[in-house]
Amino acid sequence: MRAGTRLARPEWAIQIERLRERLHLNQAGLARLLNVSPMAVSRWERAVNEPEAAYYIHMGTLAGDPECWYFWQRAGLPASDLKRALRKSKTTKNPQLAVEELENQAFPLLGVTAGSSGPGDNNPHLDHSPVIAKVMAPSDWSDNKQSIRCVRLAGEGMAPLIGDGSVMAIDLSQYEPATLINSVVLAWHKDLGLQIRRLKRVGATDVLVSEADRNTSNGVALDRSWRILGSVIWWLSRPK
């Protein structure tokens with residue numbers, strides 16, 4: 001090979017770069033949406049490493065119809081399912097319905113973070129928070145699909161159950177404390193902001209405790225300064 005000659009990049013690397021440019025993002029911006037480092041996006045575009053299937057699915061959701069099909073096929077979704085979904089999308093003109101045909105659903109990821117060992121974002125109005133991406137998950141993971149919002153977790157207060165950086169699905173229709181005893185919940189406090197805790201009952205008192213410290217005597221009483229916003233019904237964590 002002559003000096004200065006560059007090897008042609010594979011199509012998947014070119015498509016990732018084109019997607020980023022269509023979204024008017026730099027590598028750091030796309031990295032934030034995918035929850036990876038900017039270096040990971042750089043290595044993808046230079047074809048040093050190829051993304052895992054989960055990232056291809058996420059990129060397909062960001063791309064929308066018709067570019068989504070390239071990324072979803074690259075993720076390894078069966079061709080028969082893709083063809084069936086493609087036929088449905090041509091009829092409905094709605095790629096989201098095609099995603100449901102693949103027995104997955106896109107849930108909104110909000111641009112807010114809940115704390116587990118420190119303060120979280122001080123924003124209790126989740127329905128008014130900006131959606132920064134979509135999270136793909138099986139449709140049968142959630143009964144109340146319209147009430148689901150996803151947020152990120154900061155801190156190790158819920159480890160080892162839920163690790164720092166995890167994406168959690170919150171069912172905003174489940175907020176009555178009496179029905180959520182022993183459940184992991186998203187709560188809000190005017191000084192601490194959004195918090196992830198387990199709701200326990202000690203005698204006649206409801207308390208919020210961290211997973212890292214199961215001693216309920218170290219929990220905080222669920223008084224009027226706290227508001228339960230929803231129940232954590234599932235979460236996605238990256239392996240360490």
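So the values come out like this:
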item: Residue list for the range 157-182, filter: part of a loop (DSSP other than H, G, I, E, B) and more than 21 Å from the chain's Cα centre (by Cα); result: 176, 180, 181, 182
item: Of the criteria (1) under 15 Å from residue 230 (Cα atoms); (2) among the β-branched types (Val, Ile, Thr); (3) open to solvent by less than 30 Å² (accessible area, probe 1.4 Å), which one residue 179 fails; result: (3)
item: Condition check for residue 127: open to solvent by 70 Å² or more (accessible area, probe 1.4 Å), assigned to a loop (DSSP other than H, G, I, E, B) and charged (D, E, K, R); result: no
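Yes or no, residue by residue, for (1) of a type in the set (D, E, K, R); (2) open to solvent by less than 20 Å² (accessible area, probe 1.4 Å); (3) in contact (Cβ under 8 Å) with a residue 60 or more places away in the chain; (4) touching a Phe, Trp or Tyr at 6+ places or on another chain (Cβ under 9 Å):
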site: 36; (1), (2), (3), (4): no, no, no, yes
site: 49; (1), (2), (3), (4): no, no, no, no
site: 53; (1), (2), (3), (4): no, no, no, no
site: 59; (1), (2), (3), (4): no, yes, no, yes
site: 65; (1), (2), (3), (4): yes, no, no, no
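The values are calculated or read from the model by the stated rules, or taken from the named source; none is laboratory data. Given the structure is predicted, the values throughout are model-derived calculations rather than measurements. So basically every Cβ, Gly included, is an ideal-geometry build from the backbone, and we count neighbours across all protein chains shown. Each accessible area value is taken on the protein alone, full model and side chains, heavy atoms only, with ligands, DNA and RNA left out. Shrake-Rupley method; radii C 1.70, N 1.55, O 1.52, S 1.80 Å.
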